[in-house]
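Presented below is the structure to which this report refers.
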Amino acid sequence: MPAPPNAHAEDRGRCQERPEFIPASLQVIEEVRPKYACAKACGVAAAEKPAAPIEKGLPGPGLLAQVAVSKYGDHLPLNRMESIFQRHGVELSRKTMCDWMAACAELVSPVWERMKEVVLTSKAVQTDDTPVPVLDRERIRTRTRPDLDLCGRSQPSLHRLRLHGQS
């Protein structure tokens with residue numbers, strides 16, 4: 001039954017919201033750098049290459065952020081991400097993604113150093129003492145490393161941690 005012609009939009013029906021998942025998409029972005037030549041043969045000038053997070057690297061910042069959040073935020077291993085990208089029709093090896101994460105670590109190292117500096121000036125640091133499995137090359141499976149301190153060193157640290165619940 002059609003709504004009366006003088007009815008307001010609010011009177012025509014009820015709005016229904018429905019959550020829907022729209023999968024992410026990978027797109028190739030072409031960056032055209034025009035070249036200009038002088039009519040009097042003075043030379044050729046080209047536009048500068050746009051800034052990229054990884055020098056001479058192909059990934060854009062959005063793709064790097066996706067890989068980093070999936071790996072470190074969602075704890076998704078690179079081999080699973082490799083399979084996910086394959087389902088999207090994109091061939092990305094885990095070695096390539098690993099190299100990208102190393103380059104991203106270099107980019108954020110000043111932030112990490114400053115955060116560590118601020119944390120180490122405190123009298124006490126509260127940490128999460130949940131064991132984290134790490135790969136052990138001498139074993140077939142993972143093991144936990146309870147002996148690591150705040151800076152990831154196995155030897156005793158100058159800055160001792162007092163964990164919640166310990167005296």
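The values are calculated or read from the model by the stated rules, or taken from the named source; none is laboratory data. This one's a predicted model, so the numbers in the text were calculated from it and none came from an experiment. Because the Cβ atoms are built from the backbone with ideal geometry, glycine has one as well, and the counts that use them run over all protein chains shown.
Is it the case that LEU161 is touching an Asp or Glu at 6+ places or on another chain (Cβ under 7 Å), at pLDDT below 75 and aliphatic (A, V, I, L, M)?
It is true that LEU161 is touching an Asp or Glu at 6+ places or on another chain (Cβ under 7 Å), at pLDDT below 75 and aliphatic (A, V, I, L, M).
Report yes if some residue within segment 56-79 is at pLDDT 90 or above, of a type in the set (D, E, K, R) and either more than 27 Å from GLU30 (Cα to Cα) or not in a loop (DSSP other than H, G, I, E, B) (or both); otherwise report no.
yes
Could you tell me whether any residue of segment 126-148 is surrounded by fewer than 11 Cβ atoms within 10 Å (Cβ to Cβ) and among the hydroxyl-bearing types (Ser, Thr, Tyr)?
Yes, segment 126-148 has at least one match.
Take ASP74 and decide whether it is surrounded by 12 or more Cβ atoms within 10 Å (Cβ to Cβ) and out of contact with any helix residue (DSSP H, G or I) (no Cβ under 8 Å at 6 or more places or on another chain).
In short, no.
Can you work out which of the residues in segment 91-137 that are in a helix (DSSP H, G or I) and of a type in the set (Ser, Thr, Tyr) is farthest from VAL67 (Cα to Cα)?
SER109
Restricting to segment 77-89, count the residues that are exposed (fewer than 10 other Cβ atoms within 10 Å of the Cβ) and among the acidic types (Asp, Glu).
0
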